[in-house]
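Sharing a structure here in structure tokens format.
What follows draws every value from the coordinates through simple rules; no lab data is involved. Bear in mind the structure is a predicted one, so any value in this text is a computation, not a measurement. Using ideal geometry, Cβ is built from the backbone for each residue, glycine included, and neighbour counts are taken over all protein chains shown.
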Amino acid sequence: MNNYFSHLVGQNAVKKKLSFYLDAFHKTSQCPFLLMSGAKGLGKTEFAKSFAKNLYNQDGDRRSFLELNCSTIKNNEQFFEQIFLPLVADNEITILFDECHALPLDLTMAFLTIFNTEKNSRKTFEWNEMTFEFNFKQQTFIFATTETDKIFPPLKDRLTNVDFETYDSDDLSNILKLCLPEVVFINNVEKDIASTIRGNARSAVKRAKEIELYCGSKNRNVFGLNDWADLKDQVGILPLGITHTEKQILEALNNCGSATLTGLAAKIGMSKTALQRDHELYLLNKDLIEIDGKRKITSQGLTICKTF
Amino acid sequence: MGIVEISYEDLGDWIGKKTKIPILKKWLEPILGEDINNFCIDSSLKKCHDDNRRSDIESDIESDIESDIESKIEYSLTNFENE
């Protein structure tokens, strides 16, 4: 199997699966309709782009790659008028429907018909007294979302899922080093940095940018523990990469012992939904709080609290 | 027209059994056996008897559809041969 993604860090299962489909495409000119799913910042778009870069037209040229933001698609008419007819029809192209959970209902229904292909590599879709020809040997369709639960299930059934995982500490250290080839990390400081990146490749790239700016401002290319402590202090990076809202949650629980979700939301001044979705999950994941009827801080959470 | 087949039961499971959905008048009229303009499906639609209000609603819907068609889909096109 070819290694098409050696320039990208981590996501080994994704690399193997996509490499399999690329090898198969080079023999058959066919590719399943892929659904890239996973939390934000895990590299779905980057992998989709790299995948597309390895798809070749019949004349041997690389295929163009069209990336659509689905939240800006309002209906079938707008899609076929602005996208399909000028850019897709009769072209060899790869199309990424990013944030595909936001597809409008009528286009979702149209896709149920279009992507309902068992054996054929062509599909004729008739809509509004017009006929649209899809040729899946010429056009490759990729979907990506952070919210698979919001995709219409029959559409999801027609797509082949590619699941992205969170990055481990070694992967994140490697992303940092890849982004900063000029910087020399000493005393394993990159491990400590990786612990604050929340398993997210995009955050690793952003952290690398901060380090680049720090090194640039100091006019040097060696980055050690003292530099990291200095940078953390200057830009407000907290242990395990927790946010300042999460710090408030830990402090509130530390002060009051335990709290209901409503009580905690009132203390922090946030909606219960935002508190649960954006903050509690991470604190639970890192064993900093526990929920047993009420929210309570754990011993690990107390240790973190003491460092504030 | 793009047509998909789905049972009322399945559709109800997805969008809710009380959700109002647009259907063609010419399809509904033969089923009801009367002019749809004189028919109220439920009390919340009684307002529709007011022709002026109906006209306002229709023009709002048409203008929404027109603005949806005119709004631009955001996209980026990459040609790898030029990279």
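Along the positive direction of the dipole of chain A (beta-carbon charges: Lys, Arg +1; Asp, Glu -1; about the Cα centre), which of A:273, A:256, A:89 reaches farthest?
It is A:256.
Over the stretch A:169-237, how many percent of alpha carbon pairs lie in each 10 Å bin up to the one with the longest distance?
Taking every Cα pair in the stretch A:169-237, the percentages come to 22, 64, 14.
Okay, moving on. Given C-alpha coordinates of the protein assembly as shown, what is the ratio Rg to Rh with the Kirkwood estimate of Rh?
With Rg and the Kirkwood Rh in hand, the quotient comes to 1.05.
Can I ask one more? Which percentage, to the nearest 5, of the DSSP beta bridges contained in the stretch A:12-163 is antiparallel?
Of those bridges, close to 25 percent are antiparallel.
Looking only at Cα atoms, what is the convex hull volume of the stretch A:154-308 per residue, in Å³?
About 152 Å³ per residue, rounded to a whole number.
Give me the number: length gained by fully extending residue A:281 to residue A:12, i.e. 0.36 nm times residue separation minus the C-alpha to C-alpha distance, one decimal in nm.
Difference between extended and current length: 94.3 nm.
Could you check the simple spin-label distance between residue B:21 and residue A:219, using points 7 Å along Cα→Cβ, in nm with one decimal?
For the pair residue B:21/residue A:219, the computed spacing is 7.0 nm.
For the pair residue A:186 and residue B:32, how long in nm is the line joining their label points, each one 7 Å along Cα→Cβ?
Distance between label points: 8.2 nm.
Another question, then. Taking Cα pairs under 8 Å and at least six residues apart, what relative contact order does chain A come out at, in percent? Working shown, then result.
Values: 419 pairs, mean separation 50.3, N = 308.
Answer for chain A is 16 percent.
Could I ask something else about it? Over 32 Å between C-alpha atoms is what I'm after, so list which of A:53/A:74; A:150/A:191; A:267/B:20; A:44/A:137; A:27/A:177 land there.
Numbers: A:53/A:74 28 Å; A:150/A:191 36 Å; A:267/B:20 40 Å; A:44/A:137 23 Å; A:27/A:177 36 Å.
The pairs that break the limit, which is 32 Å between Cα atoms, are A:150/A:191; A:267/B:20; A:27/A:177.
Which GluC sites (Glu not before Pro) does the stretch A:124-163 hold that lie in a coil by DSSP with at most 15 other beta carbons within 10 Å?
A:129, A:147
Turning to a different aspect of this structure: Taking the Cβ of residue A:189 as the centre, find all other residues whose Cβ is under 13 Å away and add up their charges (Lys, Arg: +1; Asp, Glu: -1).
Result for the local shell: 0.
So for each of B:8-18, A:281-291, A:253-263 I average, over its residues, the number of other beta carbons within 10 Å; can you give me the resulting order with the highest mean first?
Final packing ranking: A:281-291, A:253-263, B:8-18.
Work out from phi, with θ = phi - 60° and the Karplus expression 6.51 cos²θ - 1.76 cosθ + 1.60, the ³J(HN,Hα) of each residue of the stretch A:199-215, listed in order in whole Hz, and give x for Gly and Pro.
These are the phi-based 3J(HN,Hα) values: x, 10, 5, 5, 5, 5, 5, 5, 5, 4, 5, 4, 5, 4, 5, 4, 4 Hz.
Also, quick follow-up: Could you tell me which residue out of A:18, A:151, A:140 lies farthest along the dipole of the stretch A:12-163 toward its positive end? Charges go on the beta carbon: Lys and Arg +1, Asp and Glu -1, centred on the Cα centre.
Ranked along the dipole, the leading option is A:18.
Ok, one more. Given points 7 Å out from each Cα along the Cα-Cβ axis, report the residue B:10 to residue A:161 separation in nanometres with one decimal.
The answer from the label model is 2.0 nm.
In the stretch A:102-240, what percentage of the DSSP-assigned beta bridges are antiparallel, given to the nearest 5?
75 percent
How would you rank A:109, A:270, A:36, A:130, going from fewest to most other Cβ atoms within 10 Å of each one's own Cβ?
Working: A:109 20, A:270 17, A:36 28, A:130 11.
The fewest-first ordering by Cβ neighbours comes to A:130, A:270, A:109, A:36.
Find out how many positive minus negative residues lie around residue A:278, taking Lys and Arg as positive, Asp and Glu as negative, among other residues whose Cβ is under 13 Å from that of residue A:278.
Once all neighbours under 13 Å are counted, the net charge is +2.
Please compute the length gained on full extension between residue A:56 and residue A:307, using 0.36 nm multiplied by the number of residues separating them and subtracting their Cα-Cα distance.
Gain on extension, residue A:56 to residue A:307, equals 85.0 nm.
Net charge near residue A:218: determine it from the other residues with C-beta under 12 Å of the C-beta of residue A:218, scoring Lys and Arg +1 and Asp and Glu -1.
With Lys, Arg at +1 and Asp, Glu at -1, the net is -2.
A further question on this structure: Averaging sequence separations of C-alpha pairs under 8 Å and six or more residues apart, then dividing by the length of the stretch A:244-306, give the relative contact order as a whole percent.
Value for the stretch A:244-306: 41 percent.
Tell me the mean residue ellipticity at 222 nm calculated for chain A from its helices only (DSSP H runs of n ≥ 4, each -39500 (n - 2.57), averaged over every residue, nearest 500). Mind dumping the intermediate values first?
On the way: 13 runs with 126 residues, N = 308.
That calculation yields -12000 deg cm²/dmol at 222 nm.
Does the stretch A:244-306 come out rounded, prolate or oblate by the C-alpha gyration tensor, with a ≥ b ≥ c the root eigenvalues, rounded set by a/c under 1.5 and, if not, prolate when a/b is larger than b/c and oblate if not?
rounded
To continue, here is another question. What is the gain in length, in nm to one decimal, between residue A:296 and residue A:81 on full extension, counting 0.36 nm per residue of separation less the C-alpha to C-alpha distance? Please list the in-between numbers first.
Working: separation 215, 0.36 × 215 = 77.40 nm, distance 5.45 nm.
This chain segment gains 71.9 nm when fully extended.
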